[in-house]
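One structure below.
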Amino acid sequence: MTSLPQLSLFSPAKINLFLHITGKRSDGYHNLQTVFRLLNWGDTLHFQVSDKQFNPHQDFADNGLPITLDTKVAVTTNLRDNLITKAALALIDSVKSNTALFEGLDRLPVIDIKLDKVLPAGAGLGGGSSNAATTLLALNTLWGLNLEQQTLIDIGRSIGADVPIFILGQDAIAEGIGEKLTPLSLPPQHYLLLNPNAHASTQALFAHTDLRRDIPAMSVGDIEENSEGYLNRLYPTFSNVFEPVVTSLVPEVSEALNYLKKLEALTHSSARMTGTGSSVFLPLPEAMTPQIQTYMMDNPPPCHALIIESLLGQKSRV
């Protein structure tokens, strides 16, 4: 008996080395500039072609879904609200606009998905967006759609602003709402990451009166040429505009950041927050890792902490 195709794919976390808002758009969204760094830490998704099939021409609002999802962690109460499901449905919707491809699709296999969840929610690490991107990559292969990367990036943008970076699968400068990506070659790096189990509403943060929305936009060339200003030490030119707002609202984030700041003189780097929080991180020289581990044993951090590495290459990605 022939076994059905399956894939197991790594779904990495990301951090923002800096995060600026350069203005508000006419559609109500904000223009951003940031550098995304992918990490060698994340979830794993297992995709198994099942012996069940579905009609891609059907209305999924009233019928079954093209996937099943098994996860030990209740990410959402309704499967249809999960970004993994939204990715599957968005992929089918996109194919419907490709008449030649769609007319040739009569039946497709239902894909059974198992999510091994590691990344915390609401941590500024992009876990849900990474899962959605990984799902697009896997289903594109298992359903034999053979869509190009840019097409998948466009589909990902309709799901969430952070999805495209995980489809690109490498460090990048991001502009617009996060969808305009310029690949960036950065040296390997270790980070001490702390994850307070608390966060503020992203919607509330974007609406906060103290949030800076007027950081002068930089050219891609300037960001590339001035990487020393955000890789280890943060120069005054670079910051995370959400950090002062979040630390004023969420004491746990402020406490975690202060813990890292006590190490800055030792590491010669700058502690900072990723995304809209709540995770904070400190770049580390690789040779200093044992020293930092000893420090943490003698001075326990206020929340979950781990030392992680940047992701080099596309680890177990399609």
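None of the figures in this text is laboratory data; all of them are computed from the coordinates on show. Not measured: the values here are computed from a predicted model. Don't worry about glycine lacking a Cβ; one is built from the backbone with ideal geometry, like all the others, and counts go over all protein chains shown.
What ranking do 140-146, 130-136, 97-103 get when scored by the average of other Cβ atoms within 10 Å per residue, highest first?
130-136, 140-146, 97-103
Can you check what the net charge comes to around Ile111, using other residues whose Cβ is under 12 Å from the Cβ of Ile111 (Lys, Arg +1; Asp, Glu -1)?
-1
What net charge do the residues around Ile223 carry, taking every other residue with its C-beta under 15 Å from that of Ile223, with Lys and Arg at +1 and Asp and Glu at -1?
-4
Packing-wise, with mean Cβ within 10 Å as the measure, how do 34-40, 262-268, 302-308 rank, highest first?
Values: 34-40: 23.3, 262-268: 14.0, 302-308: 15.7.
Taking the mean over residues of other Cβ atoms within 10 Å, the ranking is 34-40, 302-308, 262-268.
In nm, what is the difference between 0.36 nm times the number of residues separating Val118 and Ser8 and their Cα-Cα distance?
Computed gain between Val118 and Ser8 is 38.1 nm.
With just the Cα atoms defining each centre, how far is the range 145-215 from the range 1-39? Give it in Å.
The two parts, judged by their Cα centres, are 4 Å apart.
Beta carbons within 10 angstrom, averaged per residue: use that to sort the peptides 201-212, 117-128, highest first.
117-128, 201-212
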